[in-house]
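Accompanying notes for the structure given below.
The values are calculated or read from the model by the stated rules, or taken from the named source; none is laboratory data. As the structure is a prediction and not an experimental result, all values here were calculated from the model. For neighbour counting, all protein chains shown are included, and Cβ atoms are generated from backbone atoms with ideal geometry for every residue, glycine included. Only protein heavy atoms, including side chains, enter the accessible area calculation; ligands, DNA and RNA are left aside. Shrake-Rupley method; radii C 1.70, N 1.55, O 1.52, S 1.80 Å.
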Amino acid sequence: MALRLGDTVPDFKAETTEGSISFHQWLGDKWGVLFSHPKDYTPVCTTELGRVANLKGEFDKRGVKVIGLSVDPLNSHEGWSKDIAETQGTAPNFPLIADHDKKVSDLYDMIHPNANDTLTVRSVFVIGPDKKLKLSMTYPASTGRNFDELLRVIDSLQLTAKHKVATPADWKQGQDVIIAGSVSDDDAKKLFPQGWKTVKPYLRTLPQPK
Ligand code: BEZ
């Protein structure tokens, strides 16, 4: 069955470009991003892996460990990394899982047979420090992902895990947020003594908490 938000993500052992890992142990107490690409030595995937490598500092700043995956073998990942460095400016600086037996792809439902019965789609799983699934996204092979959007949702996930707030459409770090619907006005007075703006009784906004 497909993974659902709030589920504990499956643990697994795998071979990666940075050695063998046990996934939960590798995550430790950090946030994690596990993402698949369909195939090494393909154009969109080359740009995606380069983009993630170039954003490594942004993931680090947020305390997020990133790991990629495809069903290609280790020697393919290693050879392709040189092309990524050459064409995108940075080689992958995060581990890439060689899931040649499709064990992890099956566990995480990353192969969608009606799209392609042997290759993974472009899956993204954001995992919290509690090992629970916080967000998932699925893109087809023909569409490269927007990794700035991934960082944006991680900012929202980390903020809303810490404070009883939600983030509005197109929210970006530093913009106003919404008081969570589960918080009564009485509780909001204690949580947000600086006050808020009531646009509607169900839509209460305030500056982003620090
Ligand atoms: C690509 O990355 O361009 C790609 C990969 C697999 C199938 C189609 C396109």
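A few notes on this one:
- Probing with 1.4 Å while keeping every protein chain in the model, the per residue accessible area of segment 142-199 equals 60 Å².
- Sequentially through segment 4-14, phi angles give Karplus couplings (6.51, -1.76, 1.60; θ = phi - 60°) of 10, 4, x, 6, 6, 6, x, 8, 7, 9, 8 Hz, Gly and Pro residues having no value and appearing as x.
- Whole-Hz Karplus values for segment 97-111 come out as 7, 9, 9, 5, 8, 6, 5, 6, 4, 6, 4, 9, 6, 8, 9 Hz, taken residue by residue from phi with 6.51 cos²θ - 1.76 cosθ + 1.60 and θ = phi - 60°; glycine and proline positions read x.
- Basic side chains Lys and Arg get +1 at the Cβ, acidic Asp and Glu get -1 at the Cβ, and with that the dipole of the chain about its Cα centre reaches some 1000 debye.
- Summing charges over all other residues whose Cβ lies under 11 Å from the Cβ of E48, with Lys and Arg as +1 and Asp and Glu as -1, gives +3.
- Degrees separating the helix 74-88 axis from the principal Cα axis of the chain, which is the longest one: 60
- Taking 0.36 nm per residue of separation and subtracting the Cα-Cα distance, full extension of the segment from A115 to D11 would add 34.9 nm.
- 11 Å beta-carbon shell around A180, net charge (K/R +1, D/E -1): +1
- Packing, taken as the mean count of other beta carbons within 10 Å per residue, orders the peptides 30-38, 108-116 from highest to lowest as 30-38, 108-116.
- Charged-residue dipole, Cβ positions (Lys, Arg, Asp, Glu), segment 163-206 about Cα centre, Debye nearest 20: 40
- Between 0 and 90°, nearest 10: helix 43-54 axis offset from the chain longest Cα axis: 60
- Solvent-accessible area, 1.4 Å probe, carbon plus sulfur percent, for segment 109-187: 46
- Within the listed set G181, G89, G28, the residue fluctuating most in the Gaussian network model of the chain (springs between alpha-carbon atoms under 10 angstrom) is G181.
- Bridge orientation summary for the chain: considering DSSP beta bridges with both residues in this region, about 70 percent are antiparallel.
- In degrees, nearest ten, helix 147-162 long axis to first principal axis of the chain (Cα): 50
- Long-range HN-HN contacts of V165 with modeled amide H, under 5 Å: A180
- Cut-off 20 Å (backbone N to label point 7 Å along Cα→Cβ of T138), residues of segment 1-20: 1-11
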